[in-house]
Amino acid sequence: MYKILERQELNPTVTRLKIHAPRVAKKAEAGQFIILRTDADGERIPLTIADYDRENETIDIIFQVVGATTERLNHMRIGECLHDFVGPLGRATHTDGLKKVAVVGGGVGCAIAYPVAKKLHQLGAEVHAIVGFRSKDLVILEDDFRNSSSKFVLMTDDGSAGERGLVTDALRSLIESGEKYDEVITIGPLPMMKFVSLLTKEYGIRTIASMNPVMIDGTGMCGG
């Protein structure tokens, strides 16, 4: 069974759990995901691996409460166990050979952007993290991003935290100030990723956007 070791409410609708999962932690890489069930009759849901610790055999997951399963998951407490915790699944994010990267995250998508920024930082790449939220109350992982980047920019729509404006405003400012990126990686709401991609297209910067696929079994057998 997969015991919950830590629980942290990042904002009113987003929670972070640390799960004891030795075999998953042994193989996990940034960009991969797991599929879990809270109980024997529960729905299978995929969640991105937000962090992993091979030494302590743990996996961190971050989720937003949006339906019955995440509501049930949000009511689980430290010491309780998940019924299923399968992974790591999916392809790890390509990080080899990248020397300077801008990681652009929006909203709860920052939970997926963070492990990518951390991995690149650990590999010695220069990471510029740009994250955006609607307001201060919704900000997550601010300290984590600061510790995993050489430049960190926080944007909010209303200016209640960081700078007022959009992530594209910050990215354009950095590019026009002379920053040259091998790649921009953007993860968040579809409109945000669209406008980040349109911006980087102007400057000819290779850009990777994280698109959530239709998924049935999560292992590639379903053909979805």
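Values in this text are rule-based calculations from the coordinates and carry no lab data. Everything numeric in this text was worked out from a predicted model, so none of it was measured. Virtual Cβ from ideal backbone geometry, glycine too; neighbours counted across all protein chains shown.
Less than 10 Å Cβ to Cβ from residue 134, Lys/Arg counted +1 and Asp/Glu -1: what total charge do the surrounding residues give? Please report the intermediate quantities before stating the final value.
Values: positive: 136; negative: 137, 157, 158.
So the surrounding residues net to -2.
For the stretch 69-94 and the stretch 171-209, what is the centre-to-centre distance using only Cα atoms, to the nearest Å?
When both Cα centres are located, 31 Å separates them.
Using 0.36 nm times the number of residues separating residue 26 and residue 172, minus their current alpha carbon distance, what extension gain do you get? Don't jump to the answer; show the numbers that get you there.
Details: separation 146, 0.36 × 146 = 52.56 nm, distance 3.85 nm.
48.7 nm is the gain from fully extending residue 26 to residue 172.
In terms of Cα to Cα distance under 24 Å, which lysines are near enough to residue 151, apart from those fewer than 8 places away along the same chain?
99, 100, 118, 119, 136, 180, 194, 201
Given axes a ≥ b ≥ c from the Cα gyration tensor, I'd like to know whether the chain is rounded (a/c under 1.5), prolate (a/b larger than b/c) or oblate. Don't skip to the answer; put the middle values down first.
Numbers: a/c = 1.82, a/b = 1.58, b/c = 1.15.
Judged from the Cα gyration tensor, the chain comes out prolate (a/c at least 1.5, a/b above b/c).
Excluding residues on the same chain fewer than 8 positions from residue 3, give the lysines whose Cα lies under 21 Å from its Cα.
18, 26, 27
Stretch residue 94-residue 7 to full length: gain in nm at 0.36 nm per residue minus the Cα-Cα span? Show your work: numbers first, answer last.
Numbers: separation 87, 0.36 × 87 = 31.32 nm, distance 2.96 nm.
Gain in length upon complete extension: 28.4 nm.
Per DSSP H run of at least 4 residues, take -39500 (n - 2.57); add these up for the chain, divide by its residues and hand me the 222 nm value, nearest 500 deg cm²/dmol.
-7000 deg cm²/dmol
Could you give the angle, 0 to 90 degrees to the nearest 10, between helix 167-176's Cα long axis and the longest principal axis of the Cα atoms of the chain?
With both axes taken from Cα atoms, the answer is about 40 degrees.
Once a ≥ b ≥ c are taken as the square roots of the eigenvalues of the Cα gyration tensor of the stretch 77-184, is the result rounded (a/c under 1.5), prolate (a/b larger than b/c) or oblate (a/b not larger than b/c)?
Working: a/c = 2.44, a/b = 1.25, b/c = 1.95.
Judged from the Cα gyration tensor, the stretch 77-184 comes out oblate (a/c at least 1.5, b/c at or above a/b).
Please compute the net charge surrounding residue 185, taking Lys and Arg as +1 and Asp and Glu as -1 over other residues with Cβ under 13 Å from its Cβ. Mind showing how you got there, number by number?
On the way: positive: 100, 118, 119, 206; negative: 182, 183.
Net charge in that neighbourhood comes out at +2.
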